[in-house]
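Here the structure comes first, spelled out in structure tokens, and everything after it is commentary.
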Amino acid sequence: MAALIMAAGASSRFGGCKLLADVGGRPMLQQRIDQAGEWLPEDVYVVSGAWHQALMAAKERGELSGASFLYADRWSDGLAASLVTGIHALEADYAAVLVLLADQVALERRDLARLLATFNQHNSDGHAIVCAFYQGRRGVPAIFGRKSFPRLKRLSGDQGAKAVLYESAFPVYECPLPNAALDIDYRDQLTPRNGYAWGH
């Protein structure tokens, strides 16, 4: 299994590169790399786009490590283009892909553990999809078995993987993950709340 972190957007509402914003003493993106790397230490990939040069500079400075970067040259077409880039790059080598958003800063170790356990329970033939369930809807993080890769590669626009999560072509298993509901769009969302450090 590979972890594929979506980090290609322009983060225009944030007013800068949110991927490098400090979250608990680490860049936001590094926090997500570390979380994924705890489970898949040799198999973490980041899809970059709008801020690719800034991320490469941060990597050179040693601020980012533990992941391979995949540049989505059509990142401006929407989230789907970034996901397609990642699946194309990984499909030959992996039987499943864990898709994460870089800005879901409230995710905890136990959340990914629960997701992985659910996938291992249900994925016997490569068909299964396991996704987070929060605020009454399906979403990412989600794990996609190999047989869903061709469908993921046909995605378009800004819908991302959500369209596949609501189709009946593959069995989809929901995993309650309320922490996945928070993603960062604005800088003031990173203000510490009652001393809590996101992502611990």
| request: Add +1 for every Lys or Arg and -1 for every Asp or Glu among the other residues with Cβ under 14 Å from the Cβ of residue 39, and state the total. | output: -2
| Relative contact order computed over the chain (Cα-Cα under 8 Å; 6+ residues apart), in percent | 25
| task | Quick one: net charge around residue 54, please, counting Lys, Arg +1 and Asp, Glu -1 for every other residue with C-beta under 12 Å from its C-beta. | result | +1
| query | Cross-link partners among lysines for residue 162, C-alpha distance below 26 Å, same-chain residues fewer than 8 apart left out? | reply | 18, 147, 153
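Accessible area per residue of the chain at 1.4 Å probe, in Å²? Don't skip to the end; give the middle numbers.
On the way: 9050 Å² over 200 residues.
Accessible area per residue, the chain: 45 Å².
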| Using a 1.4 Å probe on the protein chains only, how many percent of the accessible area of the chain belongs to carbon and sulfur? | 48
| query | Relative to the longest principal axis of the chain, what angle (0 to 90°, nearest 10) does the C-alpha long axis of helix 109-122 take? | reply | 10
| field | Order by protection proxy (mean Cβ within 10 Å, highest first), peptides 70-83, 93-106 | value | 93-106, 70-83
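Give me the dipole magnitude in Debye, nearest 20, for the chain about the Cα centre, with unit charges on the beta carbon: positive for Lys and Arg, negative for Asp and Glu.
So the dipole magnitude of the chain works out to roughly 320 debye.
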| query | With the chain treated as a Gaussian network of Cα nodes joined by springs under 10 Å, which of 131, 17, 175 yields the largest mean-square fluctuation? | reply | 17
| In square angstrom, rounded to the nearest 10, how much accessible surface does residue 52 have for a 1.4 Å probe? | 40
| query | Do the sum for the chain: with -39,500 (n - 2.57) for every DSSP H run of n ≥ 4, divided by all residues, what is the mean residue ellipticity at 222 nm, to the nearest 500 deg cm²/dmol? | reply | -8000 deg cm²/dmol
| query | Assigning unit charges at the beta carbon (Lys, Arg +1; Asp, Glu -1) and nothing else, what dipole magnitude in debye, to the nearest 20, does region 1-50 show about its Cα centre? | reply | 320
| message | What do you get for the angle between helix 28-39 and the principal long axis of the chain? Use alpha-carbon atoms, 0 to 90 degrees, nearest ten. | response | 40
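Working with all protein chains in place, sort 11, 124, 68 by solvent-accessible area computed with a 1.4 Å probe, largest first. Intermediate values should be presented prior to the final figure.
Working: 11 20, 124 115, 68 55 Å².
Listed by decreasing accessible area, they come as 124, 68, 11.
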| request: Between the alpha-carbon centers of region 110-144 and region 18-97, tell me the distance in whole angstrom. | output: 20
| remark: Across 160, 62, 49, the residue with the highest GNM fluctuation in the chain (Cα network, 10 Å cutoff) is 62
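So, counting K/R as plus one and D/E as minus one, what does the shell of residues with Cβ under 15 Å around residue 142 add up to?
Details: positive: 32, 114, 137, 138, 146, 147, 151, 162; negative: 111, 167, 174, 183.
Taking every Cβ under 15 Å from that of residue 142, the sum is +4.
The values are calculated or read from the model by the stated rules, or taken from the named source; none is laboratory data. Computed from a predicted model, the values in this text were never measured in an experiment. Neighbour counts are summed over all protein chains in view; Cβ atoms, including those assigned to glycine, are modelled from backbone coordinates with ideal geometry. We work out accessible area using only protein heavy atoms, side chains counted, and drop any ligands, DNA or RNA first. Shrake-Rupley method; radii C 1.70, N 1.55, O 1.52, S 1.80 Å.
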